[in-house]
Amino acid sequence: MDRHLMIDRGACAGHGLCYGAAPEIVDCDDQGDPVVVADPLPESLLDRAGSLVRGCPERALTLRVSEGHN
Ligand code: SF4
């Protein structure tokens with residue numbers, strides 16, 4: 001199972017809380033919009049990713065599970 005952090009672009013307000021808190025998971029692009037850089041999420045970052053989901057004031061972040069290849 002792979003886990004992916006998903007960003008709802010329509011809901012995101014782009015204030016940067018997520019990439020300020022965990023740049024190893026979310027970076028920002030030239031427009032200041034968040035971009036997931038850890039995909040799929042390694043086991044070691046799952047807790048931090050969960051904190052980002054809970055901490056997003058716009059509820060724009062979700063965790064998705066997909067079938068992995070290993
Ligand atoms: S914390 Fe949420 S609303 Fe703010 S930039 Fe990140 S995804 Fe967007």
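The values are calculated or read from the model by the stated rules, or taken from the named source; none is laboratory data. Because the structure is predicted, anything quoted here is derived from the model rather than measured. Positions of Cβ are generated from backbone atoms using ideal geometry, with glycine treated the same way; all protein chains shown enter the neighbour counts.
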**OP:** Would you check if residue 5 is surrounded by 12 or more Cβ atoms within 10 Å (Cβ to Cβ), of a type in the set (A, V, I, L, M, F, W, C) and assigned to a loop (DSSP other than H, G, I, E, B)?
**Re:** no
Original post:
Which condition number in (1) assigned to a strand (DSSP E or B); (2) touching a residue at least 40 places away in the same chain (Cβ under 8 Å) is the one that residue 35 fails?
Top reply: (2)
**OP:** Go through the range 38-70 and give me each residue that's of a type in the set (Ser, Thr, Tyr) and touching a residue at least 40 places away in the same chain (Cβ under 8 Å).
**Re:** 62, 66
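Matching residues to (1) among the polar types (S, T, N, Q); (2) at pLDDT below 95; (3) exposed (fewer than 11 other Cβ atoms within 10 Å of the Cβ):
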residue: 1; (1), (2), (3): no, yes, yes
residue: 23; (1), (2), (3): no, no, no
residue: 28; (1), (2), (3): no, no, no
residue: 41; (1), (2), (3): no, no, no
residue: 44; (1), (2), (3): yes, no, yes
residue: 47; (1), (2), (3): no, no, yes
residue: 53; (1), (2), (3): no, no, no
residue: 63; (1), (2), (3): no, no, no
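State which residue is surrounded by the fewest Cβ atoms within 10 Å (Cβ to Cβ) when the search covers only the range 30-39 and only residues that are within 9 Å of residue 5 (Cα to Cα) and away from the ligand (no atom under 11 Å from the Cβ).
Looking only at the range 30-39, we keep the residues that are within 9 Å of residue 5 (Cα to Cα), and these are 36, 38-39.
This time we only want the ones that are away from the ligand (no atom under 11 Å from the Cβ), so: 38-39.
Values: 38: 18, 39: 13.
It comes out as 39.
Residues that are in a helix (DSSP H, G or I), among the charged types (D, E, K, R) and either within 14 Å of the ligand (Cβ to nearest atom) or in contact with a strand residue (DSSP E or B) (Cβ under 7 Å, 6 or more places away or on another chain) (or both): does the range 15-27 have at least one? Steps first, please.
Narrowing the range 15-27 to residues in a helix (DSSP H, G or I): 17-21.
Checking which are among the charged types (D, E, K, R) leaves us with none.
No.
Which residue is farthest from residue 1 (Cα to Cα), if the candidates are limited to the range 40-70 and must be outside any strand (DSSP E or B) and among the hydrophobic types (A, V, I, L, M, F, W, C)? Steps first, please.
Taking the range 40-70 and keeping what is outside any strand (DSSP E or B), we get 40-60, 67-70.
Right, trim to among the hydrophobic types (A, V, I, L, M, F, W, C) and you get 41, 45-46, 49, 52-53, 56, 60.
Values: 41: 10, 45: 15, 46: 13, 49: 16, 52: 20, 53: 19, 56: 24, 60: 22 Å.
My answer is 56.
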